[in-house]
1. Would you check which residues across the stretch 18-38 are assigned to a helix (DSSP H, G or I) and either touching a Cys at 6+ places or on another chain (Cβ under 8 Å) or closer than 20 Å to ARG71 by Cβ (or both) and list them?
2. Quick one: count up the residues across the stretch 63-74 that are closer than 16 Å to THR16 by Cβ and part of a helix (DSSP H, G or I).
3. For the subset of the stretch 39-62 comprising residues that are among the small types (Gly, Ala, Ser) and in a helix (DSSP H, G or I), which member is farthest from LYS10 (Cα to Cα)?
4. When the residues of the stretch 27-48 are filtered to those that are of a type in the set (Gly, Ala, Ser) and closer than 16 Å to THR16 by Cα, which remaining residue is surrounded by the fewest Cβ atoms within 10 Å (Cβ to Cβ)?
5. Please indicate, with yes or no, whether at least one residue in the stretch 21-31 is of a type in the set (Ser, Thr, Tyr) and out of contact with any strand residue (DSSP E or B) (no Cβ under 7 Å at 6 or more places or on another chain).
6. Which members of the stretch 49-63 meet the condition of being of a type outside the set (D, E, K, R), without any contact (Cβ under 8 Å) to a residue 40 or more places away in the chain and surrounded by 17 or more Cβ atoms within 10 Å (Cβ to Cβ)?
7. Sort through ALA6, ALA53 and tell me the only one that's among the aliphatic types (A, V, I, L, M) and either on the phi > 0 side of the Ramachandran plot or over 9 Å from the mean Cα position of the chain (by Cα) (or both).
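Any read-out appearing in this document is the output of simple, stated calculations on the displayed coordinates, not a laboratory observation. Just so you know, these numbers come straight off a predicted model, no measurement behind them. Methodologically, a virtual Cβ is constructed for each residue, glycine included, from the backbone with ideal geometry; neighbour enumeration extends over all protein chains shown.
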Amino acid sequence: MTDFDADALKRLVTVTMPFGKHKGTLIADLPGNYLNWFAREGFPPGQIGALLALMHELDHNGLAYLLKPLRGNP
């Protein structure tokens with residue numbers, strides 16, 4: 001993701017996976033091995049692919065905790 005979209009982080013905690021075995025799961029809650037599979041096999045095109053790639057980077061680098069304040073839970 002070359003042009004950072006500030007709203008992308010918020011979308012990680014509001015957009016659900018639209019297909020596959022984790023359909024209906026928030027992108028931010030997808031398991032690391034599933035994100036790693038996409039990283040190896042290729043991310044889908046469009047917004048969902050960009051969100052999966054971003055979540056993979058956060059997860060891979062141990063930064064998923066940065067999403068906690070965006071979830072709206074105290």
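1. Within the stretch 18-38, ILE27, ALA28, ASP29, GLY32, TYR34, LEU35 meet the criteria.
2. 3
3. ALA39
4. This residue is GLY46.
5. no
6. Those that are of a type outside the set (D, E, K, R), without any contact (Cβ under 8 Å) to a residue 40 or more places away in the chain and surrounded by 17 or more Cβ atoms within 10 Å (Cβ to Cβ): LEU52, HIS56.
7. ALA6 is the lone residue from the list that is among the aliphatic types (A, V, I, L, M) and either on the phi > 0 side of the Ramachandran plot or over 9 Å from the mean Cα position of the chain (by Cα) (or both).
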